[in-house]
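One structure is given below, encoded as structure tokens.
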Amino acid sequence: YRPDACSFVPAEINSLTNDCEARRGNLPVGVTYRARDNKYYAQMNINGVMRHIGVYNSADDAFAAYKSRREERIRMLANEKKERISLAVYNNLSKWNIEPF
């Protein structure tokens, strides 16, 4: 961290860029597995509320759905908050890419 490399961002943007690696285990970000129905679930936290995205037969399919929805949400918030964030933050959020791990 350096003062010239840090920016303040609204909490809702900050929380969207965290992948919760410690909690997810070996599955891609945004994906959980439920053994009772042998399915993968895609879900995303929005403002403290867990939102269900869909149920899939593979972790890859669940991640693809999560990735699409999460990147869409990040870009939407970047546009909504454009006047409150720096141009550098806006540009980074506009091209944010969610990786599975």
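A few remarks follow.
Residue-by-condition table, conditions (1) open to solvent by 90 Å² or more (accessible area, probe 1.4 Å); (2) over 30 Å from CYS6 (Cα atoms); (3) of a type in the set (A, V, I, L, M); (4) in a helix (DSSP H, G or I):
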| site | (1), (2), (3), (4) |
| --- | --- |
| PRO28 | no, no, no, no |
| TYR33 | yes, yes, no, no |
| ASN45 | no, no, no, no |
| HIS52 | yes, yes, no, no |
| VAL55 | no, yes, yes, no |
| ALA62 | no, yes, yes, yes |
| ARG70 | no, no, no, yes |
| TYR90 | no, no, no, yes |
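- Taking (1) farther than 17 Å from PHE101 by Cβ; (2) out of contact with any helix residue (DSSP H, G or I) (no Cβ under 7 Å at 6 or more places or on another chain); (3) not aliphatic (A, V, I, L, M) in turn, ARG73 satisfies each apart from (2).
- Taking the range 64-84 as the range and being touching a Phe, Trp or Tyr at 6+ places or on another chain (Cβ under 8 Å) and of a type outside the set (D, E, K, R) as the test, the residues that pass are ALA65, ILE74, ALA78.
- Considering the range 7-23, the residues that are in contact with a strand residue (DSSP E or B) (Cβ under 9 Å, 6 or more places away or on another chain) and open to solvent by 40 Å² or more (accessible area, probe 1.4 Å) include one that is modelled with the highest pLDDT, namely GLU12.
- The one condition in (1) at pLDDT below 95; (2) under 30 Å from ARG36 (Cα atoms); (3) open to solvent by 40 Å² or more (accessible area, probe 1.4 Å) that GLU83 fails to fulfil: (2)
- Within the range 56-101, the set of residues being closer than 26 Å to TYR40 by Cβ and among the hydroxyl-bearing types (Ser, Thr, Tyr) comprises TYR56, SER58, TYR66, SER68.
The values are calculated or read from the model by the stated rules, or taken from the named source; none is laboratory data. Just so you know, these numbers come straight off a predicted model, no measurement behind them. Heads up, the Cβs are rebuilt from the backbone with ideal geometry, glycines too, and the neighbour counts pull from every protein chain shown. Please note that ligands, DNA and RNA were not included when accessible areas were found on the heavy atoms of the full protein model with its side chains. Shrake-Rupley method; radii C 1.70, N 1.55, O 1.52, S 1.80 Å.
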